[in-house]
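Quick notes on the structure that follows.
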Amino acid sequence: MKRKIIILAIDEEIAIFFKEELLSIFGSSLDINYYTTSSNSLTFIHDADLIIYTDPSILIEFMSRIKSQCPVLMMKRTISKHAVHLIQQIPKNSCCLVSNINSFMANETLTTIYQLGFRDILLYPFYEGKTDLPDKIDYVISPEDYNYLDPLKCEKIIIGNRIFDINTVLDILALLDISSDAAEDIIIKYSLKIPDMWKGLNYALQNRRILSSQWKILLDELSFGVIVIDDKNRISLVNSHIHQLFGPIFDTLENKPLANLIAIDNSFETLLTDHNIENELFVYNNTRFILTIKQVTHDRNYYGQIILLREYAEIVKVQQKIHNKIIGKGYYSNYHFDSIIGNDEKIKDCIEISKKVAPRSGVILITGESGTGKELFAGAIHNYSNRSHQPFVAINCAALPHNLLESELFGYEDGAFTGAKKGGKIGLFESANNGTLFLDEIGEIPLDLQARLLRVLQEKEIMKIGGDSIIKINTRIIAATNKNLFQMVEKGDFRRDLFFRLNIFQVDIPPLRERGDDVALLTKHFLKSLSNTKAITIPFLEFCKHYEWNGNVRELYNILEYTLTVSEKELSPEFLPSYLKQKKYLNFKMNEIELFGSDVYTLRSVYSLNNTGQNSGRRSLTRTFTKKYYALSEIDMRSILEKLESQELITISKGPTGCEISEKGLLLLKKLNYEL
């Protein structure tokens, strides 16, 4: 029976690529389907043996639709040997952009290239919309020639899509319980495609070349200890780093049984195993190491094993160095205080308070309704502080399940829980080290996680999930909420001690409805940023002025973008989203002309029917009005028409012609900025 695999990807092109990749590796033994975030309908996933996804944002989007209990695996990817060859041709000290379809994939590709040893070229992540670029760019490395790369005046290195790394292939083999014979054949064939040192060492062991001087030179260049064991379990070779880690104890052990190590120290007994070991803790002389043992076999023949030993402290340093190098370019905020538009005294006060507290290191709590601009203020505070050149990391605490939120914040060690990423994961507190971590919707954090957060604020240290070591951090916290945390404290839904730890500096952003003329100011600003060239009618501006904006600045921007997209000649109330087409929102009084919204909309409807040669009787006008604005009865329409006629804006015919707009009515519509 074929095993069913589901691929979750950002679009169909990428999904099809990985489907074909899986088929080329595993042949016809799999039944492969895929779902993409770009599809119009996201169906529920019930029947699968394994689900694999490209990056965490994809899994988060699909999480509520996964109804299968099967394993879920994130792809680990590398670049092909052909891609490695292309990158090797790049001159040293060249400045290279590493491009992909989003920030996560660009950073992931950059990390892959860096970890493959390309450290003599400068790498910067790049994706559509990213504007902060180095002054001088020599090359762009990209899976394909994206349209957004056209303005770049540099040579393009097209490396093709990344392929599965060998660990992902091994994980799939294990999770689907593929037979050992078939699995071994798959591994050998796939190893030919990837730039992986294990294939080279396997070949060297198989041909008894491991003792050559070339291998000795190669292994000595590695930054971790390597012990090569032959098929008789004798120590064939150790590199120079082993001597640095353990001193002279290996000097007399070449070609001696590995078991001789036990006579030196019993802790070496861990190395005497006939099983693979992946990143396990090994302690010698009070020093912690990360131990990996790989058995080298082919066609059921045993050729020996490779033992890798790395100092834990060094791994942490390297991980932090690489992570900070990537994070420093991937986590930032484009917001500054100049980005905050408003002349109202309340918003000006918020800006002044924020500027005063920005240079301090204390926690800041930003409160305000949804859509008021809390993240904008957080980013502006960060960029105004002395941490502005350090990472700015933002997370919405309400967007993730509680168990996933904890692992995102604190990170985890390898094997900390089922489904944990091999090699572990750096949490957001570490990612934001020396910078700022913005915790949006802080009121959604569960009580048990609140206790861990309190410890971070008190002690400035964290411990990863599944870890046993303390990690010191220097991360500033900016929290935000649209809830009344004090009321939550009184109800027992939020820890009192955490509330007072968070509430050192408070910035309370006013809702848009309390900001006077800022609505008009923001409307003009947003329409300019949206490159609007259409006329803006007075009724539309009056709507913006009268509406209460429960969604605040975010709702204003969304409505402007929607109306600009669907409108024809001008921005007017008839093009507003359907949820706003209610009498209470649209029938406001326009004092300048002493008419209500319903009067103006009716006059506009009369003109439209006249202009297209259609009947403009009361019944037709009622239908047109209801379709474009809100439900209206014929009795209400009669009253409006009589009012318009009394003001000489229309004439009402008793015949089948209906109503006709007057010259005075046309002048009024022009005055209201309608396009006629």
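Rundown of residues vs (1) within 18 Å of Leu175 (Cα to Cα); (2) of a type in the set (Lys, Arg); (3) not in a helix (DSSP H, G or I), yes/no style:
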site: Leu8; (1), (2), (3): yes, no, yes
site: Glu13; (1), (2), (3): no, no, no
site: Ser38; (1), (2), (3): no, no, yes
site: Leu59; (1), (2), (3): no, no, no
site: Cys70; (1), (2), (3): yes, no, yes
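Kindly provide the set of residues from segment 506-516 that are part of a loop (DSSP other than H, G, I, E, B) and surrounded by fewer than 18 Cβ atoms within 10 Å (Cβ to Cβ), ordered by number.
Gly516
Please enumerate the residues belonging to segment 593-621 that are crowded, with 22+ Cβ neighbours inside 10 Å and touching a Ser or Thr at 6+ places or on another chain (Cβ under 7 Å).
Within segment 593-621, Ser605, Val606, Leu621 qualify.
Sort through Gln69, Gln89 and tell me the only one that's within 30 Å of Ala48 (Cβ to Cβ) and at pLDDT 85 or above.
Gln69
For segment 390-460, please list each of the helices (runs of 4 or more DSSP H) lying entirely inside it that holds at least 1 residues being surrounded by fewer than 17 Cβ atoms within 10 Å (Cβ to Cβ) and modelled with pLDDT of 90 or more.
Result: 447-459.
If I go through segment 641-664 residue by residue, how many of them are in contact with a Leu (Cβ under 8 Å, 6 or more places away or on another chain) and either in a helix (DSSP H, G or I) or among the hydrophobic types (A, V, I, L, M, F, W, C) (or both)?
So the answer is 8.
Quick one: is Ser236 assigned to a strand (DSSP E or B) and modelled with pLDDT under 85?
So Ser236 fits the description; yes.
Could you grab me the full set of residues in segment 517-540 that are part of a loop (DSSP other than H, G, I, E, B), surrounded by 15 or more Cβ atoms within 10 Å (Cβ to Cβ) and over 33 Å from the mean Cα position of the chain (by Cα)?
Passing the criteria: Lys534, Thr537.
What do you reckon, is Ile242 more than 21 Å from Ser469 (Cβ to Cβ), assigned to a helix (DSSP H, G or I) and touching a residue at least 60 places away in the same chain (Cβ under 8 Å)?
Spelling it out, Ile242 is indeed more than 21 Å from Ser469 (Cβ to Cβ), assigned to a helix (DSSP H, G or I) and touching a residue at least 60 places away in the same chain (Cβ under 8 Å).
Might you let me know whether segment 275-292 holds any residue that is farther than 23 Å from Gly424 by Cα and either surrounded by 17 or more Cβ atoms within 10 Å (Cβ to Cβ) or assigned by TED's automatic domain parsing to the domain that holds Gly117 (or both)?
For segment 275-292, residues farther than 23 Å from Gly424 by Cα and either surrounded by 17 or more Cβ atoms within 10 Å (Cβ to Cβ) or assigned by TED's automatic domain parsing to the domain that holds Gly117 (or both): absent.
What number of residues within segment 485-505 satisfy the criterion of being surrounded by 13 or more Cβ atoms within 10 Å (Cβ to Cβ) and not in a helix (DSSP H, G or I)?
The total comes to 6.
Restricting to strands (runs of 3 or more DSSP E) lying wholly in segment 252-315: which have 2 or more residues that are touching a residue at least 12 places away in the same chain (Cβ under 8 Å) and aromatic (Phe, Trp, Tyr)?
Per the criteria, 277-284, 301-311.
So how many residues does segment 554-570 have that are in contact (Cβ under 8 Å) with a residue 24 or more places away in the chain and either in the same structural domain as Tyr630 (by TED's automatic domain parsing) or surrounded by fewer than 20 Cβ atoms within 10 Å (Cβ to Cβ) (or both)?
Count: 8.
Among the listed residues Tyr124, Tyr139, which satisfies the condition of being hydroxyl-bearing (Ser, Thr, Tyr), in contact with a Lys or Arg (Cβ under 7 Å, 6 or more places away or on another chain), farther than 18 Å from Arg77 by Cβ and in contact (Cβ under 8 Å) with a residue 40 or more places away in the chain?
Within the list Tyr124, Tyr139, the selection yields Tyr124.
Scan segment 605-631 for residues that are within 25 Å of Phe543 (Cα to Cα) and out of contact with any Leu (no Cβ under 9 Å at 6 or more places or on another chain) and jot them down.
Ser608, Arg623, Lys627, Lys628, Ala631
Does segment 99-120 include one or more residues that are surrounded by fewer than 18 Cβ atoms within 10 Å (Cβ to Cβ) and at pLDDT 90 or above?
No: zero hits.
Within the set of pairs 6 or more residues apart or between chains, which connect a residue that is in contact (Cβ under 8 Å) with a residue 60 or more places away in the chain inside segment 540-553 to a residue that is assigned to a loop (DSSP other than H, G, I, E, B) with Cβ atoms less than 6 Å apart?
Gly551/Gly371; Asn552/Glu369; Asn552/Gly371; Asn552/Thr372; Asn552/Pro511; Val553/Gly371; Val553/Gly373
Somewhere in segment 646-662, is a residue under 23 Å from Leu571 (Cβ atoms), touching a residue at least 40 places away in the same chain (Cβ under 8 Å) and exposed (fewer than 15 other Cβ atoms within 10 Å of the Cβ)?
no
Only one of (1) at pLDDT 90 or above; (2) in a loop (DSSP other than H, G, I, E, B); (3) on the phi < 0 side of the Ramachandran plot is not met by Ser469, so which one is it?
Exception for Ser469: condition (1).
For segment 571-591, name all the residues that are of a type in the set (D, E, K, R), closer than 18 Å to Asn673 by Cα and in contact (Cβ under 8 Å) with a residue 12 or more places away in the chain.
Result: Glu574, single match.
Of the conditions (1) at pLDDT 85 or above; (2) surrounded by 15 or more Cβ atoms within 10 Å (Cβ to Cβ); (3) hydroxyl-bearing (Ser, Thr, Tyr), Ser361 fails just one. Which one is it?
Unmet condition: (2).
Return yes or no: is Ile52 assigned by TED's automatic domain parsing to the domain that holds Asp11 and at pLDDT 90 or above?
Criteria met by Ile52.
Among the residues of segment 432-461, count how many are closer than 16 Å to Cys397 by Cβ and touching a strand residue (DSSP E or B) at 6+ places or on another chain (Cβ under 9 Å).
Residues in segment 432-461 being closer than 16 Å to Cys397 by Cβ and touching a strand residue (DSSP E or B) at 6+ places or on another chain (Cβ under 9 Å): 15 in total.
Among the candidates Ile347, Ile366, single out the residue that is in contact with a helix residue (DSSP H, G or I) (Cβ under 6 Å, 6 or more places away or on another chain), at pLDDT 90 or above and farther than 30 Å from Ala174 by Cβ.
Step by step, each of Ile347, Ile366 is checked, and only Ile366 is in contact with a helix residue (DSSP H, G or I) (Cβ under 6 Å, 6 or more places away or on another chain), at pLDDT 90 or above and farther than 30 Å from Ala174 by Cβ.
The values are calculated or read from the model by the stated rules, or taken from the named source; none is laboratory data. Computed from a predicted structure; not experimentally measured. Every residue, glycine among them, receives a Cβ derived from its backbone with ideal geometry; neighbour counts consider all protein chains shown.
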